[in-house]
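Here, each number is a calculation from the coordinates, and none is a lab measurement. Please read all numbers here as calculations on a predicted model, not as lab measurements. Every residue, glycine among them, receives a Cβ derived from its backbone with ideal geometry; neighbour counts consider all protein chains shown.
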Amino acid sequence: MSDGGEGSYPGFGGRVGRTFAGSEPWWPERPDAEGRPNVVVILADDLGFSDLSCYGSEIATPHIDALASGGVRFTDYHATPMCSPTRASLLTGVNAHAAGVGTVAHSDPGFPGYAMEIASDVATAAEIYRDAGYFTAMVGKWHLTKDSDAHDGGPRHSWPCGRGFDRYYGFLDGFTNLHHPHRLVEDNHTVEVDRYPDGYYFTDDMTDRAIGMLRSARASDPAKPFLLYVAHGAVHAPLHAPVDAIARHRGRYDDGWDELRRRRFERQVELGLLPPDTRLAPRNSEPGNDVAAWDDLTETQRRLAARYMEIYAAMVQTIDDSVGRLVAALDGMGVLDDTIIVFTSDNGASREGEVDGTASYYVHLMADSDLEADLARIEEMGGPTTMPHYPRGWAMAGNTPFRLYKINAHAGGHQVPLVMRGPGVPAGELRRPYQYVTDLLPTLLDLCGLDHPADRGEPVRPVHGASFVPVLADPGHPSTHGEQYTEMIGHRGYRAGRWEAVTLHQPNTRFDDAEWELYDVEVDPTQVDDLRDAEPDRLADLIGRWEAAAWENRVFPLDEGSMLKYVIRPPSGERYERPVRILPGTPTLERWRSLQLVFLRSVTITIELTSGADDEGILVAHGDQGGGYAVWLDADGLHVAHNDGAGGLRTIDAPRPDPGDHRVVLDLEAPGGAIWNARLSVDGERVGEGPGWPCLYGMAPFEGIDVGVDRRSPVDWDLYERFGPFPFTGRLRAVTYTPGAPAPDAPERLLPTLREAGLRFE
């Protein structure tokens, strides 16, 4: 006879005899969420406040508009000014720095507020809902894993399935080529694909996957509710859209951003989104943020700019089409009326295309644009061979009626659309109180009858947000959020009731109280009248509150502009600079991992092969249409191509080696000045060289290293059109990367100088 569940059966609630017949079974209780609402959260990337037709846009978004007419639109809802921090706060209800994600997840500078992953003591929506008995799924952009953990050999604790999602399909990075995604992840593994089918578009693919996940889950357990997080890569650069979608907008933006902004503003007032006495903020004129009058642009500038905006508008419509397909699928499954749907954006419209825009976004992040080169590629724009982004004049229009852009603490950086529909949400109404991104999770939990946990095996950090269910229920209810700090790349802000203090911080200048501005946003929501001189005591009080909130939320240290945030890294990173021998058949070496072998440094690439008289194909390829290099063999000889990411292709063409065993070496010497001097050798004999090739930067190449094939987006488009991925038909024994010395002016060599320069602003 048993001991009643003690001793050998600790925690067992039944009784164990010597036989099944003489025992009483017991099962641990499983969470059961049957009867609770489903939740779908849809997040657009870099979508401005005015970019939806229900928020004043000329871009038709009928499916999102239908959500708005059947639900609620918020007029004073705010995210953070940047993507990763907003995603962290949306998923946790915790302020971004306190959650560990104070800026974009592309570095690891060694401070708690900038760990670039959600802290272990912070619970995600996926973890909470899964613990409660929900099926949890996500598709799209994650961007909450530090670069150094995103490769296939890295830890997966911060990948989506490590933070509570049962299913995942998308990309871990900040953006991707929507026609040829550089690396997709399904659940916890990389998707291996050499070539995407003609007409492939990631927004369509992720929508298909989302619908498939829900249909599978509903068929398997119809009583189990679901949480679905749909995180679009659109409308973030590069601006990519299907050809037919772009064609629908031809000529639509020839009048320019000033006229577009005026029309959108009038429409916002007409829709009741803004009080009739609201003033449109003047054209952005701050140094480094200024926008020229459309009529003052050259013909070339106007022609390119109009094309960029045509593509952007098409991208917005692809998001709307995705929403329509998803809503139709929910209706087809019979669960639409039982589903809370949220649609919002992660920050304001992006100014990263700067003055003129660019056809080469990856390169443009590090270098100036070239108008003539871009004009020569205008008919390619929006397709897979270009990486466009629009000028900041369109971002200004996207953020109508507010000032400035993504990254800024002013309203243009973070005041974004929020549409909600579903059980507990009234139909066709506006809500005007201030609410913040950290309020979303508490609100959803409230609508679903769930509590935020205090413990999940270890204590859980409480949320900073507050449920706005009372605001949903009563249009006259005040904001539930209280006070809120903002910080991004040194820009700071503090909102307390009707008062908001903000800064427009210039890098490499002191964090001076004198740069703060003060606005009464109740009467001046577009931040036109700076009251700092009229209300010095009030401003000083808000500055003090910001300082206290910053220390409490782990905002410090501030980014002084020295670039140290991106250069300093843990000592463990050294091992990624050691030689790597890559065997044929190896999946693509992930882009960050690949970058450590070549970034602003010399490198020797050694290719060991055996070729017959007719063998041909790619020996090694690193990069894509945004920038990269490739070595291949064909009937005409041995070749190296270097794609500068801006439409330029430089080559080394050498005689074809005789059949047999060979050792091909590509030396890339980095003398400084962000260039490589390339030398190609076969069996120790120099056969070609290419001086002054531009070094490839952090985002170019975006594809990693392929051995024996050029997967997905190719380095050389003409070669791709002839041969596709072009797998090598001979015998490839290995490709070895041997990193050499960093360039004399590489950032890691300048650490002491950078630190000394930054200390001036301590």
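In a shell of Cβ-Cβ distance under 10 Å around Pro62, excluding Pro62 itself, what net charge do Lys and Arg (+1) and Asp and Glu (-1) give? Present the calculation step by step, with values, prior to reporting the outcome.
Details: positive: none; negative: Asp65, Asp320, Asp321.
The answer is -3.
Taking 0.36 nm per residue of separation and subtracting the Cα-Cα distance, what length does fully extending Glu372 through Ala674 add?
106.5 nm
Once both labels are modelled 7 Å past Cα along the beta-carbon direction, what's the Glu483-Arg510 spacing in nm?
For Glu483 paired with Arg510, the spin-label model returns 2.5 nm.
Let me know the shape class of the stretch 232-323, please: from the alpha-carbon gyration tensor, a ≥ b ≥ c as square roots of the eigenvalues, rounded when a/c is under 1.5, otherwise prolate if a/b is greater than b/c, or oblate.
Values: a/c = 1.85, a/b = 1.20, b/c = 1.55.
Oblate, since a/c reaches 1.5 and b/c is not below a/b.
Identify, among Pro109, Pro25, Gly71, the residue whose Cα sits farthest towards the positive end of the charge dipole of the stretch 15-114, taking +1 on the Cβ of Lys and Arg and -1 on the Cβ of Asp and Glu, with the dipole about the Cα centre.
The listed residue farthest towards the positive side: Pro25.
Dipole of the chain (Lys/Arg Cβ +1, Asp/Glu Cβ -1, origin at the Cα centre): which of Gly100, Leu542, Leu214 lies farthest to the positive side?
The one lying farthest along the dipole's positive direction is Leu214.
List the residues, sorted by chain then number, that are 5 or more residues from Val687 or on another chain and whose placed amide H is less than 5 Å from its amide H.
For Val687, whose amide H was placed from the backbone, the distant partners under 5 Å are Leu680, Ser681, Val682.
Would you be so kind as to identify which of Gly324, Gln301, His389 lies farthest towards the positive end of the dipole of the stretch 239-396, taking Lys and Arg as +1 and Asp and Glu as -1 on Cβ and the Cα centre as origin?
Sorting the options by dipole projection puts first Gly324.
Looking at the stretch 243-313, which trypsin sites (Lys or Arg not before Pro) are in a loop (DSSP not H, G, I, E or B) and have at most 12 other Cβ atoms within 10 Å?
Working: sites: Arg248, Arg250, Arg252, Arg261, Arg262, Arg263, Arg264, Arg267, Arg279, Arg283, Arg302, Arg303, Arg307; in loops: Arg248, Arg250, Arg252, Arg279, Arg283.
Passing both the DSSP loop test and the Cβ count: Arg250.
Going by C-beta contacts inside 10 Å, put Met563, Met381 in order with the fewest on the left. Could the numbers behind the result be given before it?
On the way: Met563 17, Met381 23.
Lowest to highest Cβ neighbour count: Met563, Met381.
From the helices alone, meaning DSSP H stretches of at least four residues, give me the mean residue ellipticity at 222 nm for the chain, per-run term -39500 (n - 2.57), in deg cm²/dmol to the nearest 500. Mind dumping the intermediate values first?
On the way: 18 runs with 172 residues, N = 762.
Theoretical 222 nm ellipticity from helices: -6500 deg cm²/dmol.
What does the charge count near His389 come to, summing +1 for each Lys or Arg and -1 for each Asp or Glu among other residues with Cβ under 13 Å from its Cβ? Spell out each step's value before the answer.
Numbers: positive: Arg307, Arg351, Arg392, Lys406; negative: Asp45, Asp46, Glu352, Glu354, Asp356, Asp374.
Summing Lys and Arg as +1 and Asp and Glu as -1 gives -2.
How much net charge surrounds Ala150 when only the other residues with a Cβ under 13 Å from the Cβ of Ala150 are counted, with Lys and Arg +1 and Asp and Glu -1?
On the way: positive: Lys141, Lys146, Arg156, Arg183, Arg591, Arg593; negative: Asp108, Glu117, Asp147, Asp149, Asp152, Asp173, Glu590.
Once positives and negatives cancel, what remains is -1.
What is the fewest-to-most order of His477, His622 by other Cβ atoms lying within 10 Å of their Cβ?
On the way: His477 14, His622 28.
Fewest to most other Cβ atoms nearby, the residues stand as His477, His622.
Quote to one decimal, in nm, the extra length available between Arg733 and Glu58 on full extension: 0.36 nm per residue of separation minus the C-alpha distance between them.
Working: separation 675, 0.36 × 675 = 243.00 nm, distance 5.69 nm.
Length gained between Arg733 and Glu58: 237.3 nm.
Report, in order of residue number, the helices in the chain meeting two criteria: a C-alpha extent of 18 Å or more along the helix axis, and a mean Kyte-Doolittle hydropathy of at least -1.0; treat each whole DSSP H run as one helix.
Numbers: long enough: 202-220 (27 Å, -0.37); 257-271 (21 Å, -1.75); 299-332 (50 Å, -0.01); 536-552 (24 Å, -0.44).
Those that clear 18 Å and a mean of -1.0 are 202-220, 299-332, 536-552.
Where in the stretch 184-261 are there GluC sites (Glu not before Pro) that are in a DSSP coil and have at most 12 other Cβ atoms within 10 angstrom of their Cβ? All intermediate terms of the calculation are to be shown ahead of the outcome.
Working: sites: Glu186, Glu192, Glu259; in loops: Glu192.
Hits after loop and neighbour filter: Glu192.
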